[in-house]
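Asks: Okay, here's the structure, questions in a sec.
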Amino acid sequence: MTRKDKLIARLKGRPRDLTWDELVRLLSALGYEEARSGKTGGSRRRFVHASAPIVSLHKPHPGNIVKMYVIDDVMRVLTEEGLL
């Protein structure tokens, strides 16, 4: 099982302790790139893909754990696009 497969399985399990770094690695493995805009990106982050819709998320702070609604939104988009 590859790292990508392990991250996908972890996301599908809807863990309460998924970190921002894990989510970014998964999106990157699926072909997304973080769009850099302005001096600071603030807490809002956009991830662009060549053929899939943009995924726009709030980076968690002060902690690093992704909220459950963010996991659900990401899963919905990735499933609709056939990436999961």
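The values are calculated or read from the model by the stated rules, or taken from the named source; none is laboratory data. Computed from a predicted structure; not experimentally measured. Cβ sites come from the backbone with ideal geometry, for glycine too, and all protein chains shown count toward neighbours. Keep in mind that these areas ignore ligands, DNA and RNA; they rest on the heavy atoms of the full protein, side chains included. Shrake-Rupley method; radii C 1.70, N 1.55, O 1.52, S 1.80 Å.
Asks: Which residue, chosen from 9, 20, 78, occupies the Cα position most advanced towards the positive end of the dipole of the chain, where the dipole is computed from +1 (Lys, Arg) and -1 (Asp, Glu) charges on Cβ about the Cα centre?
Replies: Farthest towards the positive pole: 20.
Asks: Residue by residue, what Karplus-based ³J(HN,Hα) values in Hz, rounded to whole numbers, does segment 8-18 have, using 6.51, -1.76 and 1.60 with θ = phi - 60° and x for Gly and Pro?
Replies: 5, 4, 5, 4, 5, x, 6, x, 7, 10, 5
Asks: Evaluate the chain: find the radius of gyration of its Cα atoms, find its Kirkwood radius, and give the ratio Rg to Rh.
Replies: 0.94
Asks: Out of the total accessible area of the chain (probe 1.4 Å, heavy atoms of protein only), what percent is carbon and sulfur?
Replies: The value for the chain is 50 percent carbon and sulfur by accessible area.
Asks: Dipole size in debye (nearest 20) for the chain around its Cα centre, Lys and Arg Cβ +1, Asp and Glu Cβ -1?
Replies: Dipole of the chain, to the nearest 20 debye: 220 debye.
Asks: Right, next: Residues in segment 3-23, backbone N under 16 Å from the label point at residue 68 (7 Å along the Cα-to-beta-carbon vector): list them, ranges by number please.
Replies: Answer for segment 3-23: 11-19.
Asks: Under 8 Å for C-alpha pairs, at least 6 residues apart: give me the relative contact order for the chain, rounded to a whole percent.
Replies: 30 percent.
Asks: So, in the chain, how many Lys pairs have Cα atoms under 24 Å apart, if the pair is 8 or more places apart or on different chains?
Replies: Number of lysine pairs found: 9.
Asks: Also, quick follow-up: Probe of 1.4 angstrom, ligands and nucleic acids ignored: what's the accessible area per residue over the chain, in square angstrom?
Replies: In whole numbers, the chain has 66 Å² accessible per residue.
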